[in-house]
1. Would you give the gap between the C-alpha center of segment 212-253 and the C-alpha center of segment 526-589, rounded to a whole Å?
2. Placing unit charges on C-beta atoms (Lys and Arg positive, Asp and Glu negative, everything else neutral), compute the dipole magnitude of the chain about its Cα centre in debye, rounded to 20.
3. Expressed in nm to one decimal, what extension gain is obtained for the pair Ala575 and Ala70 from 0.36 nm per residue of sequence separation less their Cα-Cα distance?
4. Identify, among Ser171, Thr498, Ala69, the residue whose Cα sits farthest towards the positive end of the charge dipole of the chain, taking +1 on the Cβ of Lys and Arg and -1 on the Cβ of Asp and Glu, with the dipole about the Cα centre.
5. Could you give me the ³J(HN,Hα) list for segment 218-226, computed from phi with Karplus coefficients 6.51, -1.76, 1.60 and θ = phi - 60°, whole Hz, x at Gly and Pro?
6. Which lysines have a Cα lying under 21 Å from the Cα of Lys184, excluding residues fewer than 8 positions away in the same chain?
7. If we count other beta carbons within 10 Å of each Cβ, what is the order of Arg494, Arg557, Arg388, fewest first?
8. Each label point is 7 Å from the Cα along the Cα-to-Cβ direction; what then is the distance between the points at Glu316 and Lys339, in nm?
Amino acid sequence: MQRWTAPRGRDTLSHRPSVRAERPMTRTRVLRGMALAGSLVLTCAAVPVSVAAAAPAPSRGRAADPQDAALAFDPSGYTTVTVTVDGRPLDVRWYKEICYVANPVAAAAQQPGGPGGGSTTVPDTACGYQSMNVFVPDSAFGDQRTPVYLAVNNSGWMASHLRASVAPGASYNSATSNVGAALKAGYVFVDVASRSRGLVGADGSFPGKAPAAVADAKAAVRYLRLNDTEMPGSAERIVVNGTSGGGALASILGASGNSGEYTPYLAAIGAAGIDAKGRSTLRDDVFAVNAYCPITDLGNADTAYEWLYNVLGTRETTGQNPSPGAAAQMASRFAAYEKGLGLRTPDGSRLTAATMLDTIEREVARSAETYLEADPAHTIPPLGGTFRITAGGTTKAYVNDWIDVDTATRTVRSVDMERYLAFVASQAALKTTPAFDAVGVDGNTTSRTETNLFGPPAAPYMNYTEFGWNHNDVPGDGSGPDDTGLTWKQYTARKSTTVDDQVHLIDPMDFIGTGADTAPNWYVRHGTRDRDTAFTVSVNLDRALAADQEVEDLDYRLAWNQPHAGNYDVPEAMAWIARVVQKAGDPLA
């Protein structure tokens with residue numbers, strides 16, 4: 001774990017060296033952002049936009065203009081429920097279904113994703129995708145200092161209808177349930193719904209296209225800040241928790257605090273703290289990020305994935321290389337991409353394609369040794385021994401031919417990266433080629449990849465990477481040279497193009513180390529058995545955060561023997577939250 005200390009409270013418009021060259025917010029770019037914001041909601045008027053980042057709020061809560069007044073929190077609007085945590089009853093005040101925006105986007109009653117690939121009926125079409133449930137344990141009833149544990153629930157970058165993680169009469173074990181642990185610790189627990197990919201609007205359009213999920217998450221944070229004086233908990237101690245797409249949403253929320261680039265999207269949905277002139281009057285930065293296996297950096301995720309699983313021949317070795325030419329073409333771009341990030345390893349050397357495998361190897365070894373150190377009962381099979389892994393109710397055996405552990409010193413002697421990556425790809429089949437932007441590519445119309453996160457609301461999907469765009473051959477889908485007559489470079493060079501803006505606005509790598517306010521505290525985990533995204537993605541996120549002077553506490557690790565999952569280390573994560581909260585001191589000071 002690396003830690004960096006820097007003073008907080010700097011002006012949000014100051015400029016620092018960027019991990020990646022920051023895209024300037026010119027007038028042209030503002031107008032493009034306004035157009036994209038208007039296209040992503042069903043009720044949106046053109047609004048004046050301030051390029052400046054949000055001004056820090058001078059007080060804990062404010063409701064100066066009519067729109068903010070309409071978003072006022074009602075302290076008496078709760079229902080008391082009783083749950084059991086670690087065998088003891090606990091009273092919880094439940095503030096139900098709070099709509100956190102003034103202009104919510106109407107959704108269709110039938111949403112995709114039902115049993116057997118059918119549809120699901122959603123109970124709240126008016127604001128079910130832009131609301132929150134707030135749960136306050138009895139110890140926090142009058143506490144405005146306790147943290148707010150903000151759970152984003154958009155796994156796979158999918159839209160998430162409002163849910164209630166705290167159920168009346170339910171029992172929770174604080175050692176295994178992050179919900180139970182948060183309530184036991186006296187934290188305010190918040191479930192946040194958000195628009196995102198797959199959402200069908202009441203008019204049949206798709207209003208969840210990027211950056212809708214980020215705008216909604218920021219609007220939820222702004223609602224908490226607006227009402228900080230009236231609500232239990234402190235909006236200065238918001239800890240955002242998410243897994244997979246939720247981990248990515250938590251990461252971009254933590255990286256892009258107070259960026260003025262989101263102002264038009266916030267204005268369009270009636271977020272708190274946007275005045276009549278389209279200026280931001282509230283902050284949306286957060287205190288801490290607790291992210292698991294974040295599916296992020298989507299614009300480069302295919303390149304990273306193909307490089308990782310082709311550089312040592314993993315696809316070929318495991319018989320999972322149906323498109324070797326395409327895989328090789330994407331992988332060939334990784335070296336230039338990685339070099340362009342300008343990142344460094346923990347020892348200060350350059351992080352490049354040439355040093356990436358060694359960096360991952362060290363992280364795998366560190367993960368194993370941390371696991372062994374945590375409990376004398378923990379063991380790792382010797383070379384030739386057997387890993388037994390249960391997935392989907394079935395247990396399978398895998399020979400350990402890749403990690404050699406000294407049982408006497410409980411340290412790692414060596415990691416065979418070629419065999420390790422083959423192990424990862426064998427216990428969970430690799431994704432398609434491309435892994436993330438596959439729809440429309442070479443006739444593919446069935447893949448459930450992130451392609452439908454992008455494009456205008458009238459289109460089901462749009463290719464958002466150069467490879468995906470240039471290889472799109474599905475007529476009539478609006479993507480690719482076949483429909484537009486333009487290559488990716490030609491298409492994105494047009495001022496009216498918005499898909500590249502969409503990619504940018506959900507990528508934390510584009511905001512870390514820039515004028516945005518990065519969260520000071522980060523806890524990031526990525527399982528050593530996770531094949532859903534390349535290990536390079538979380539390594540790069542870690543290295544970018546390490547270089548950001550605003551980051552005070554960074555706890556990154558590959559989690560030993562974990563798949564694509566989250567909240568498997570509840571005691572450890574909660575102890576980290578408690579520590580950074582204590583270190584930060586009184587939020588009212």
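Read-outs throughout are calculated quantities, based only on the coordinates presented, and are distinct from any laboratory measurement. Source: prediction; values computed, not measured. Here the Cβ is made from the backbone with ideal geometry for all residues, glycine too, and neighbour counts use every protein chain on show.
1. With segment 212-253 and segment 526-589 each reduced to a Cα centre, they are spaced 17 Å.
2. Roughly 560 debye, rounded to the nearest 20.
3. This chain segment gains 178.1 nm when fully extended.
4. The residue sitting most towards the positive pole is Ala69.
5. Using θ = phi - 60°, the values come out as 5, 5, 5, 5, 5, 4, 5, 5, 4 Hz.
6. Within the straight-line cut-off, Lys184 pairs with Lys96, Lys583.
7. Starting with the residue having the fewest Cβ neighbours, the order is Arg388, Arg494, Arg557.
8. About 2.4 nm, to one decimal.
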